[in-house]
1. Could you compute Rg(Cα) / (2.2 N^0.38 Å) for the stretch A:511-648, with N its residue count?
2. Exactly which trypsin sites (Lys or Arg not before Pro) in the stretch A:471-505 are in a DSSP loop and have at most 13 other Cβ atoms within 10 Å?
3. With a 1.4 Å probe and all protein chains kept in place, how do A:395, A:919, A:438, A:687 rank by accessible area, largest first?
4. Which ³J(HN,Hα) values in Hz, rounded to whole numbers, follow from the phi angles of the stretch A:77-89 under the Karplus curve 6.51 cos²θ - 1.76 cosθ + 1.60, where θ = phi - 60° and Gly and Pro get x?
5. How much accessible area is lost when chains A and B come together, counting both sides, with a 1.4 Å probe, in Å² rounded to the nearest 100?
6. Residue by residue through the stretch A:919-934, what is 3J(HN,Hα) from phi via Karplus (6.51 cos²θ - 1.76 cosθ + 1.60, θ = phi - 60°)? Round to whole Hz and write x for glycine and proline.
7. Applying 1/(1 + (r/R0)^6) with R0 = 60 Å to the Cβ-Cβ distance of residue B:47 and residue A:813, what FRET efficiency is obtained, to the nearest 0.05?
8. State whether the stretch A:158-217 is rounded, prolate or oblate according to the following rule on the C-alpha gyration tensor (a ≥ b ≥ c being the square roots of its eigenvalues): a/c under 1.5 gives rounded; otherwise a/b larger than b/c gives prolate, and the remaining case gives oblate.
Amino acid sequence: MSIRSNRIAGGDLIVRSQKIRFEFNGRKYTGFQGDTLASALMANGIDFVSRSFKYHRPRGFSASGYADVSSMVQIDGDEDTPNVLASVTPLSEGLTARSVNCWPSLEFDVGTALRLLSPIIPAGFYYKTFMWPHWHLFEPFIRKIAGFGNAPNSIPVRCFGKSYDYCDVLIVGAGPSGLSAGLAASRSGARVILADDMLQPGGGLLSSSATIDGKSGIEWVSEVVEELDANPSVTRLQNATAWGYLEGNHVVISERSPTPENLLRRSRRVWAKQVIIATGAFERPIVFENNDRPGVMQASAVSSYIRNYAVKPGQKAVVFTNNNSAYRTVSDLSRAGISIAAVVDVRSRVDDHVVKVASQATDFYQDSIVQTVYGNKRVTGVGIRSRETGRIKRKIDCDLVCVSGGWNPIVHLFSQSGGSLDYNEQIHAFIPAQLLQKSLVAGAARGRFNLRDSLRDGFEAGKLAAETIGLPVQAQPSLKVIDRFDAEYSIEEFWSVPPINRLGKAFVDLAGDVTVNDLHLALREGYESIEHLKRYTTAGMGLDQGKTANVTAIGIVAKHAGVSMAEVGTTTFRPPYTPVEFGEFAGSCTEDVVLPYRYTPMTEWHKSAGAVMFEAGARWVRPSYYPLSGESMDQAIQRECRTVRQGVGIYDGSPLAKFAIKGADSETLLDLMYTNSFQNLDIQQGKYGVMLHEDGRIFDDGVTFRLSDDEYLMSGATGNGILLETRLDSFINVERPDLNVLFTPVTSQWANATVCGPLARTLLESVESDINFAADAFPFMHMREGVFADMSVRIFRVSFTGELSFEINTPARYGLDLWTHLIKAGDQFDICPIGSEANHVLRVEKGFISLGHEVDGTIDPYDLGMAWIVSKKKSDFIGMKAMQIRRKNDDTRQHLIGLLPINSSELLPEGAPLISTIKSTRAEGFVSASVWSSTLDRTIALGLLANGRERLDETVYANANGTIIPAIVCKPIFYDSDGRKMRM
Amino acid sequence: MLLIRCPWCGLRSESEFHCNGEVRPIRPHSSSLTDQQSVQHTCDRLNFKGWIEEDWCHSKGCGEWFRLNRHTVTHEIDQD
């Protein structure tokens, strides 16, 4: 491929003295400082940059700025980034980019064969595969071809930043209206943030031939910018996209080249007293066959490449329009020395002014349309016809088609702010109507396309914003604007030219490969609402986000259905307006910065003892098991289990959620929170309780001890700590503020070393203490306070393992001392530390329930066979009514059961569905916990099974991803069923 | 994101707060409710378009509970 240079003289934004080397698809090129990757590529004769999403068609530069959704590339290097638009990427030394959506290369792409399949991948193809014949049939294929670039390989060298800003006036857009607004607001003394998403300020002025007070557009822009930059209360952000307008007049801005330079991106979250939306307008396409070929461009983009970057986008052009604005491009083409083969205007009558400009073209066709484009990797010509007849009248050779279908105000932010839109029949576009938040819309963003209007409108908005917040206002300066194209913007509504051939492709949405035929198909299939149509065809979704495709799609639907644009209405605009990297949401708040881990006072000891640590829920880091050298995980767990059942073990129970409750109504609170009664609990006595949600399902369980007359200590599941706190807090503050009760979360205040096993008492008695540990002096479910090894302690007799067990609590600062003392004292009893895994096995052997296993948010105490815990005497507790109502109607409930696999060494996978016959496909429950029990020397499991309690001794089957494992249903307890050991 | 005035801490970002929903009467005693009323109390909310009074808690700050009026369409807040 020979490389020709398309660079011409001029170019307001490039600095020819500064050459920049870059690489694209493995070849080396040079461009200039000020170029975008797109303009530099185009200058080097590269017009085919990517393959399209669905059909892998060749794509080039279709527009400029963020509207050019087809120029997507992957940036390689240390900070590789997928899916970057070449049209907004500043050229920098050593930049390395490559095409996306092609393999093995852009030129020879295997996926291109997909075009041959296009008749069988119609609109909604993806959804249809879910229905028939089976999604899995298509999945590998879709996964392979879907997506654009590749996710980054490594964490970027530079970091993502975040900042929170407050200002009087936030102005979005630094075009003519935004800059004017900035002048007005800043001269009033307002604190202003002016954010613009392009690489240079100026917007449409940069490529305009107009003069303001005798100055060129660019000169005027630099003067204004100089004034704004000299004002310390103005913050000007360039290459920064306001992508979300949220409630509270809160706008989120993505700064793509922030200072300092060690930041890769910065997310600015701005609260503004007033927001001025001066986002301008996007030129929209006219849709015709092969309108995606490289060389078909929006007219204004052609002007911009010529005037700003001195790049010739082609050698011979055809201009196709339905409005006056494209005639600026006709002049620009002629000035750049590009021959104009034809101007094709859909209108039958145009202004004299326009006719004069059109005379620069070889031919001027009115009342005519472009039917199709010829060429594959580049436009080679167009076929045009009159609007009346269907036949192509003439074929015109050209390599550039400049298209203008009119202009759409960029209403994304306004719409996100909650504002409503109206369809304006004059300019055939949706414009802002009703405001919802404290914002103003100025200039082209509300349909003021004329430069003089736009400047005035912006200044007025700036004035009004300043006035609203009580600042002195500035008089509107009178500007002398001379614009050769000052003629009224006039337009005739015209959206698309349907292809003659049914297989022809005319693209509404280039980014998502959505064609006119796709829209028509969806309409035929009964999708009438524009919201449904959008989702079904994906028109305007994805990268486009309604920048070029939406209004055209609405136009096509309105035409097809014979209704007005207003009746079709727009789809909802949602943030983000442009793609935002995940890093911007996180900033520096990643990993344990955003969710810190929690450690107990004994954590370091566990680690040095070789424990395998894990996150046990609620960010608590706990020991999983303590392997001895050469021991496998299973061996370690079994050894720990045996120790607890036969000798004495010790585990770190500090993470257990704990709440101190105090006040005259403490008992009333407990009686409301728990299903069972807490009346007449003795001081120093404890009781196990189950807590429901108001919907009658189990929320938590735990033991509560009475400390004094009006003081209790409540415990709950480790993972539920925060939820319990929130629940208690809202209950006593909002639902029952009349209760005289207070609570304090004290989880981290107490360290807890739990000594368990038949030798536990003997061990404790060997330590110096004023507490009598004898069974009759210190019975089960009681507590004692005292001194133990010179530490003040609270000891609770509660058991989670089913063995004799003492939970020794001491203020957190003594935790490690207590632990090491116990380990030392236990040496003669061969004490060993126990991790969570062994704890889990021991509790399954006892059939104790566990949150997230048996308690899955759907079950109540009766399902678990715990009718005894629901008080029959109480007339009220949380969830009582809902549970009663549901149990009136539900005949079949799932019950907690035990499972003994017939093959005693086979482990049922947790979560496996339970079925009643080998062939059954109807799940009647599931395996909730499954372990190897060293005590029983076999596998055991707990599960929930429909009517399970009535099905004891029945054989059921666990379906482990196709492997069917039979098991016998039994009572959900495998060890010490009368609970004598823990009461010892 | 909203800015919300905590009675103790002043104007703070919404992310520090927990919204407990619309202000409702004190939780009624279950025995005083028919089944119908109980379901209504548990499940039904006004979900009103316009100004509503809500309970909020400065949960990631001082923990204070307070009430505010919020417009559910415009998200305007009236705390005076």
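1. Working: Rg = 29.3 Å, N = 138, 2.2 N^0.38 = 14.3 Å.
With N residues counted in the stretch A:511-648, Rg over 2.2 N^0.38 Å equals 2.05.
2. Numbers: sites: A:480, A:484, A:502, A:505; in loops: A:480, A:484, A:502, A:505.
For trypsin sites (Lys or Arg not before Pro) across the stretch A:471-505 that sit outside H, G, I, E and B with at most 13 neighbouring Cβ atoms in 10 Å, the list reads A:480, A:502.
3. On the way: A:395 145, A:919 185, A:438 120, A:687 65 Å².
Ranked from most to least accessible, the order is A:919, A:395, A:438, A:687.
4. Working through the residues one at a time gives x, 4, 10, 4, 9, x, 6, 9, 7, 4, 6, 10, 8 Hz.
5. Details: alone 41040 and 5950 Å², together 44750 Å².
That pair hides around 2200 Å² of surface in total.
6. My calculation for the stretch A:919-934 gives 8, 4, 10, 9, 6, 10, x, 7, 7, 9, 7, 8, 9, 8, 8, 6 Hz in order.
7. Values: r = 49 Å, r/R0 = 0.82.
My answer for the efficiency is 0.75.
8. Values: a/c = 3.76, a/b = 1.47, b/c = 2.56.
Note, shape of the stretch A:158-217 comes out oblate.
The values are calculated or read from the model by the stated rules, or taken from the named source; none is laboratory data. Because the structure is a prediction, the values reported are computed rather than measured. Cβ sites come from the backbone with ideal geometry, for glycine too, and all protein chains shown count toward neighbours. Ligands, DNA and RNA are stripped out before the accessible areas are found, and what is left, the full protein with its side chains, is counted by its heavy atoms. Shrake-Rupley method; radii C 1.70, N 1.55, O 1.52, S 1.80 Å.
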